[in-house]
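As structure tokens, the structure follows; a few thoughts come after it.
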Amino acid sequence: MNININIIRDKLIKKQIKNNAVVVLVLDIIFYIILCFFKKNNMSFVLGLILGSSYSVLNFIFIAISTERLVLISSQTNKIKTRAVFYYYIRYFLMAIVIIIAMKINKINNLAFLVSLFFSKIAIFFQAFLE
């Protein structure tokens, strides 16, 4: 018995998620190279970049999932607004938890973490600029 749990159905959305993840990875590498010139403690930068970028891409995936679910219930207009607000608050609640955890852990560079949280947004603007 083969069970395939496929959360995101649309191929275009899957492609956008993959493209976003690749651009975020490229931004991580560029930012890491820039930071190598200024600091010697590179492991804390790497941990900050990994955690921030991972959550950035995960947040983008959450947006894709919630948007797809909202489109599927578009016939029920009374539920759309409440669910959209609910998904919005859940994403930012999770972001607050990740930020608090990252700030409490001394081995994570806060600058690298906070900057990399915006890499997914930068990737979206970059892709839109190229199109």
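What is the local net charge at Ser53, summed over the other residues whose Cβ is closer than 14 Å to its Cβ (Lys, Arg +1; Asp, Glu -1)?
So the environment of Ser53 carries a net charge of 0.
Using Cα springs under 10 Å in a Gaussian network model of the chain, which residue among Met43, Met95, Met103 shows the largest mean-square fluctuation?
Checking each option, the largest mean-square fluctuation is seen for Met43.
Once you sort the root eigenvalues of the Cα gyration tensor of the stretch 61-131 as a ≥ b ≥ c, which label holds: rounded (a/c under 1.5), prolate (a/b larger than b/c) or oblate (the other case)?
oblate
Within 14 Å, Cβ to Cβ, of Arg69, how many net charges do the neighbouring residues add up to if Lys/Arg are +1 and Asp/Glu are -1?
It works out to a net charge of +3.
Compute the relative contact order of the chain as a whole-number percentage, counting only Cα pairs closer than 8 Å that sit 6 or more residues apart in sequence.
So the answer I get is 40 percent.
Out of Asn59, Asn20, Asn78, any idea which swings most in a Gaussian network model of the chain, alpha carbons joined below 10 Å?
Taking springs between Cα atoms under 10 Å, the residue moving most is Asn78.
For the chain, list the DSSP H helices whose alpha carbon atoms reach 30 Å or more along the long axis and whose average Kyte-Doolittle value is 0.0 or above?
11-36, 42-72, 77-104
Sorted from largest to smallest, which semi-axis lengths in Å does the alpha carbon gyration tensor of the stretch 6-131 give for its equivalent ellipsoid, taking the root of 5 times each eigenvalue?
Three semi-axes, in Å: 31, 18, 10.
Laboratory data are not the source of any read-out in this text; all were calculated from the coordinates shown. A quick note: this is a predicted structure, and the numbers were derived from the prediction, not measured. As a convention, Cβ positions derive from the backbone with ideal geometry for all residues, glycine included, and neighbour counts pool all protein chains shown.
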